[in-house]
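Notes follow the structure.
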Ligand code: C2E
Ligand code: MG
Ligand code: MG
């Protein structure tokens, strides 16, 4: 029985013809379909497709007329797949994968046209120019290659942003923020290139590089500025998945002869979704003497149910709260969060502190540390060392 969800063909029946407009693709449930194309007035068999094969998907993907005819060789049962079912999945697919797919499709169509004896002129015209989206996807791939190169050439650089102890007005440590000075694009924001690196395994060597830079900076701090401050290192989700991550960190710590207490790991709140991995990381870090901070607190999935089980040493209050302290409702939330952090035995760093008034308010609320442009912008390592010697 044929319905919108199931099509039956008897032997010899045509499913679609070459040149038809595409509306639907089909999944063959049983039977065999023969795909043929007219070449010099003759029907040439391109393939016989059996159960499990997709048919008619090409035209649906690129909205071109059917490039072949499909005829049942024996009794066939098919499940129609509406183009919107593909469209939805394609829309959410990785743009790079989408660009690859469309490029392969157009290459295949060109090959088919050549096979049909189409003029090369016509073929060139048929080959579509990459669309805006494909160009964007290729841009990303290009950027990724350049990031790999930058890594090899050691063009990534860390900046140190000071963190102030509010009560004593003394420097407590720094956060390491990675910078990429791109030859053509200028300074690429870590928000962009870290996200890009996270889409691939590239984040692993980037993370290793930053870790090594941070450890060697801690060594220089001890040697040149006689200081034992901490440096906070941002950890990405992919690094968290690496079971040997803490061991890698400790290897670098030992190689540079620094104390594990000087390194603090920052985990952004959105990663807490992976509760078990975070719990393990905190546990391993503590056993090794390293502290762990929860970054961007209040912006992601502040799942309180998990938070009470995760023994973070520090909560970093996201800058969006700090910038709205003049709002009494926001102030009330910050006051409650400071109380909660204290009750959980965590200290608190307010991020994005830009005005003296914010600093004063935060101090009055009992927040211990402040980070932001008021305290200092991220500095080059040499600059930071010079500032400490001064
Ligand atoms: P984050 O860890 O929350 O870092 C704080 C961000 O706020 C930094 O942006 C910093 O420059 C910015 N900031 C600091 N003070 C102020 C202020 O007073 N006002 C304003 N408006 N902004 C301020 P940046 O350097 O662009 O880094 C963005 C994010 O990229 C970081 O957020 C962090 O999640 C990520 N990131 C940076 N370096 C690394 C890295 O080496 N590894 C990983 N995995 N992520 C990194
Ligand atoms: Mg951070
Ligand atoms: Mg943050």
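Bear in mind that the values in this text are calculations on the coordinates, not laboratory data. Note that the structure is a prediction, hence the values are computed from the model and not measured. When we count neighbours, we look across all protein chains shown, and the Cβ atoms used for this are built from the backbone with ideal geometry, even at glycine.
Some points to look at:
- Every Cα-Cα pair of region 7-131 was included, and the share exceeding 26 Å stands at 24 percent.
- Where labels lie 7 Å past Cα in the beta-carbon direction, separation of residue 242 and residue 280 in nm: 1.5 nm
- Within region 164-289, percent of DSSP bridges classed antiparallel, to nearest 5: 40 percent
- All Cα-Cα distances of region 211-273, cut into 10 Å bins from zero to the largest, leave 21, 51, 22, 6, 0 percent in each bin in turn.
- Relative pair counts by distance (%), Cα atoms of region 9-69, 5 Å bins: 4, 18, 28, 27, 17, 5, 0
- Its residue count N sets the reference 2.2 N^0.38 Å, and the alpha-carbon radius of gyration of the chain equals 1.39 times that reference.
- Burial ranking of peptide ranges 206-214, 314-322 (average Cβ count within 10 Å, highest at the top): 314-322, 206-214
- The angle between the Cα long axis of helix 95-115 and the main principal axis of the chain comes to about 20°, on a 0 to 90 degree scale.
- Counting only DSSP beta bridges whose two residues both lie in the chain, roughly 65 percent are antiparallel.
- Whole-number percent relative contact order across region 142-200, with pairs defined as alpha carbons under 8 Å at least 6 apart: 26 percent
- Each of 136, 10, 256 was scored by other Cβ atoms within 10 Å of its Cβ. Arranged with the fewest first, they read 10, 136, 256.
- The angle between the Cα long axis of helix 328-343 and the main principal axis of the chain comes to about 70°, on a 0 to 90 degree scale.
- Dividing the mean sequence gap of close Cα pairs (under 8 Å, 6+ apart) by how many residues region 244-336 holds gives a relative contact order of 25 percent.
- Arranged from fewest to most other beta-carbon atoms within 10 Å of their beta carbon, 62, 295, 347 become 62, 347, 295.
- Of the peptides 369-379, 31-41, the ranking by mean beta-carbon count within 10 Å, highest at the top, reads 369-379, 31-41.
- Paramagnetic reach from residue 386 (point 7 Å along Cα→Cβ, amide N under 19 Å) across region 217-231: 217-218, 220-227
- Footprinting exposure proxy for 381, 334 (fewest neighbouring C-beta atoms within 10 Å first): 381, 334
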